[in-house]
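Report on the structure given below.
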Amino acid sequence: VSASDADATTNTITYSLQNNDGGNFAIDSNTGVVTTAALLDREASGATRGITIRATSADGSTADTTFTISINDLDEFNTGTVNDTNAAPNAIAENSANGTVVGLTALATDADATTNTITYSLDNSAGGRFAINSSTGVVTVANSSLLDYETATSHTITIRANSADGSSSIQNFTVSLTDVNEGGISAVTDSNVAANTVLENALNGTTVGITGLAIDPDGTDIVTYSLDADAGGLFAINASTGIVTVNAALDYETATSHNITVRATSADGSLATRSFTIAVTDINESGITAISDNNAASNFVVENAGNGTVVGITAFADDADGTDVVTYALDDTAGGRFAIDTVTGVITVGTTLLDYEIATSHVVVVRATSTDGSTATRTITIFVADVNENQAPVASADQVTTRELTPLQITPSTLLANDTDPDGDALTVVIVSGPTHGTLIHNLNGSWTYTPTGVFAGTDTFSYRVTDGQFSSAAVAVTIDVLQTIGVINTGNGNSGGSGSSGGSGSSTTGGTNTTGTRTTGSTNGNGSTGGTTTSGTTQSNSSRQHNSGWRLQDATTPDKVIAADTIDSSDVSIPGTPMIAKLGLTDADLAFKKAGANRPQSANTGKNNRHAGNLWDSRSATIAMNDAIVPTDFFRLSPNHKSPEQQESGMTPERMDKVVVGSTAVVSTSLSVGYVIWILRGGSLLTAFVSALPAWQAFDPLPILQSFDKEKQDDDESLLSLATNQLTKESPEVGRS
């Protein structure tokens, strides 16, 4: 064994035995090696030993552990001496019958704890006269004809005891023969070669096929016969002839055979006995009995029960004859609805479905057949119990449509229109999960109102299931197509094209997926009137709307009059560094957008957008970035490419040029400090002047004036242009100037 003390010092370990199994073991105090201290006797003390070892550290601490030591058995002992455990004399009468015990029972032992099983054999059987049982050691007569007192008065046999470990021991024994009257009776035999059998119920005096015979060599000795065992008076024997006959009624069902013992007695007093077995043959005493039901349960089964379901019936019929076997069958299975076990008589549900609504009971006819050919039948009614067969309803997916910024009312009848219940039960809608891009409110009248979030357009879903009060369907989806009414043309991560001067056109190359919408083109004249044509197409997919293109809101009555400008995103991320926002009031939910200059510095909206929709004096409002609402960045950009109206029209993509139909009034509101409010008011005055001059403003670029003003008055780079653009260029360094 080994133990340790984690201390750096005073950690020397010594070992001792707290329990040495009575001195059988010792331990080395330094190494911990355990050795035997005395001889271990597996046979005396058992297969295991227990010791307790104590490890003691120099610091005085100790630890005790108990160990179990297994003791292996060794083949220490050989087979012991063979003894005779039968106290009777080792003697037998001459001519004794085979199997007669001789008063000798051999016994030897092996003292080893294991491999100690002893078997016996005869090395010398006295010429085959004797035999020994290999397990019990009992010696018996093997050949009675060789036992003749006149030839030899005794015989010597040698018994060998063999142990499982291979050792053996031998011992000689002498078996004495006792003399009998040589003219005495012989062994009893059966001189009738017929089978020893008789029919049951045979009349008294009927022979059974046995005729006892014994002979006394002495010619004057007369042999008589009797029964030492007559099977309870069932048989008798003729004292002179030895013929055995029936003496009482025999019943096969009570006992199929009987044993008798015949005694033959000679006049000289010698006798011999022998046992015989008489078989009783069964006869057909009676036919099969009536059929009964051994199952005390009611004869009923629930409808729709599975095949093999028991129905409370166990048919039973008996045949009093002991050899007759009864089997069962159904003469009428009620159309295959029931089956019966041919051996047990148990009736079960067959292969045809049980339906209480079709029949509340069924009749079967049971037939019991005995092997003697007799039969019995019985008609039995089996009742069918009704069960609730309600089946689960089935819900189907639905699809509804609404418009951007427009709530949608969904009634239960809308959802249930394509849902079914096999049982025709009334169905109830249970919402499983709500929409992702909107809210779903359950109204008091039982309907639901879906409201898309902000200016979301695209596909939204929620799921529901239907229930009939007991079972529910699987959940299915309701797809809501939110149609876009606030248009978006350019999407994806593309490079914006240049913005031309008044009458020119711009183009852009975009990444992502673009679809075309309604495009309005035309030229602007000096007094602000606009002419052009409109081309219709498909609506832009909301899923790809990104903050990559500038837009201008327009008054529908004066299309070229810009009210405000912003990039409207679908990514829902605030413009970094712009905590103040403004709301633009829109009087109609049907908003349209017109593309503004594409090369303006872009707001760095790469995540969540602040855009949302809300009510503002019976109008719609869209939240936009503060710097875009006050100073649309494309107002102060130089356009390097100037194109004619014809070039502008020819260079326009087939994308839809949406317009935001705006009321006559645009409201800008935000929560600002006093200083910012004054600044905004000044900017508003400037914007008012700009707007009132449109469309002439489109041909006028104020940048040189502002830049000149900036050089003279804004040496600290705090110009209106800088305030409007620096933030964007800092946050979106990847967007360059044209």
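The values are calculated or read from the model by the stated rules, or taken from the named source; none is laboratory data. Predicted model only: the values in this text are computed from it and were never measured. Glycine also receives a Cβ, built like all others from the backbone with ideal geometry; neighbour counts cover every protein chain displayed.
The residue of the stretch 350-394 that is farthest from the chain's Cα centre (by Cα), among those that are of a type in the set (D, E) and more than 30 Å from N284 (Cα to Cα), is E357. With the structure loaded, tell me whether S275 is free of Cβ contacts under 8 Å to residues at least 60 places away in the same chain and under 30 Å from S226 (Cα atoms) or whether it fails that test. Taking the combined requirement at face value, the residue satisfies it. The residues of the stretch 78-134 that are at pLDDT 90 or above, in contact with a helix residue (DSSP H, G or I) (Cβ under 7 Å, 6 or more places away or on another chain) and surrounded by 15 or more Cβ atoms within 10 Å (Cβ to Cβ), listed by number, are S96, A97, R129. Within the stretch 386-395, can one find any residue that is touching a residue at least 24 places away in the same chain (Cβ under 8 Å), assigned to a loop (DSSP other than H, G, I, E, B) and of a type in the set (G, A, S)? Yes. Filtering the stretch 368-418 to residues that are among the small types (G, A, S) and surrounded by 16 or more Cβ atoms within 10 Å (Cβ to Cβ) leaves A368, S370, S374, A376, A392, A395.
Just wondering, is there one or more residues in the stretch 426-437 that are of a type in the set (G, A, S), in contact with a strand residue (DSSP E or B) (Cβ under 8 Å, 6 or more places away or on another chain) and either modelled with pLDDT of 95 or more or not assigned by TED's automatic domain parsing to the domain that holds E357 (or both)?
To start, the set of residues in the stretch 426-437 that are of a type in the set (G, A, S) comprises 426, 433-434.
Narrowing the set further to residues that are in contact with a strand residue (DSSP E or B) (Cβ under 8 Å, 6 or more places away or on another chain) leaves 433-434.
Remaining after also requiring either modelled with pLDDT of 95 or more or not assigned by TED's automatic domain parsing to the domain that holds E357 (or both): 433-434.
Yes, because at least one residue in the stretch 426-437 is of a type in the set (G, A, S), in contact with a strand residue (DSSP E or B) (Cβ under 8 Å, 6 or more places away or on another chain) and either modelled with pLDDT of 95 or more or not assigned by TED's automatic domain parsing to the domain that holds E357 (or both).
Against the conditions (1) in the same structural domain as P217 (by TED's automatic domain parsing); (2) farther than 21 Å from G209 by Cα, G287 satisfies every one except (1). Report whether or not D321 is farther than 30 Å from D190 by Cβ and of a type in the set (D, E). For D321, the condition - farther than 30 Å from D190 by Cβ and of a type in the set (D, E) - is not met.
For the stretch 1-41, the set of residues classified as small (G, A, S) and surrounded by 11 or more Cβ atoms within 10 Å (Cβ to Cβ) consists of A3, S16, A26, S29, G32, A37, A38, listed by residue number.
Please work out which residue is surrounded by the most Cβ atoms within 10 Å (Cβ to Cβ), limiting yourself to the stretch 299-327 and to residues that are of a type in the set (S, T, Y) and at pLDDT 90 or above. Top of the filtered list is T314. With respect to D355, is the statement that it is assigned to a loop (DSSP other than H, G, I, E, B), surrounded by fewer than 15 Cβ atoms within 10 Å (Cβ to Cβ), charged (D, E, K, R) and on the phi < 0 side of the Ramachandran plot true? Answer is yes for this residue. State which residue is surrounded by the most Cβ atoms within 10 Å (Cβ to Cβ) when the search covers only the stretch 446-463 and only residues that are polar (S, T, N, Q) and within 39 Å of the chain's Cα centre (by Cα). Selected residue: S463.
Yes/no matrix, rows are residues, columns are (1) in contact with a His (Cβ under 9 Å, 6 or more places away or on another chain); (2) among the polar types (S, T, N, Q); (3) over 29 Å from F77 (Cβ atoms):
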position	(1), (2), (3)
T100	no, yes, yes
T109	no, yes, no
L122	no, no, no
G127	yes, no, yes
T140	no, yes, yes
D148	no, no, yes
G166	no, no, no
E182	no, no, yes
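What's the total number of residues in the stretch 191-221 that are touching an Asp or Glu at 6+ places or on another chain (Cβ under 8 Å), in a loop (DSSP other than H, G, I, E, B) and of a type outside the set (D, E)? Final tally of qualifying residues: 3. Take the conditions (1) buried (at least 16 other Cβ atoms within 10 Å of the Cβ); (2) closer than 21 Å to T323 by Cβ; (3) modelled with pLDDT of 90 or more; V223 misses just one of them, which is (2). If the condition is being surrounded by 12 or more Cβ atoms within 10 Å (Cβ to Cβ) and farther than 18 Å from Q399 by Cα, then the stretch 419-440 contributes D421, P422, D423, D425, L427, T428.
Would you confirm whether or not the stretch 187-194 contains a residue that is among the hydroxyl-bearing types (S, T, Y) and buried (at least 18 other Cβ atoms within 10 Å of the Cβ)? Spell out the reasoning first.
Filtering the stretch 187-194 for residues among the hydroxyl-bearing types (S, T, Y) gives 189, 191.
After this cut, where a residue has to be buried (at least 18 other Cβ atoms within 10 Å of the Cβ) as well, the list is none.
The answer is no; no qualifying residue exists.
At least 2 residues being closer than 30 Å to E150 by Cα is the threshold, and among the strands (runs of 3 or more DSSP E) wholly inside the stretch 1-99 those reaching it are 91-93.
Scanning the stretch 434-458 for residues that are part of a strand (DSSP E or B) and in contact with a helix residue (DSSP H, G or I) (Cβ under 8 Å, 6 or more places away or on another chain) yields a count of 1. For the stretch 404-446, filtering for residues that are without any contact (Cβ under 8 Å) to a residue 24 or more places away in the chain and at positive phi leaves 1.
Quick check on R49: is it touching a residue at least 60 places away in the same chain (Cβ under 8 Å) and basic (K, R)? So R49 fails the test. Among the residues of the stretch 100-144, those identified as part of a loop (DSSP other than H, G, I, E, B) and more than 30 Å from L271 (Cβ to Cβ) are A108, T109, A111, D112, A113, T114, T115, N116, T117, S134, S135.
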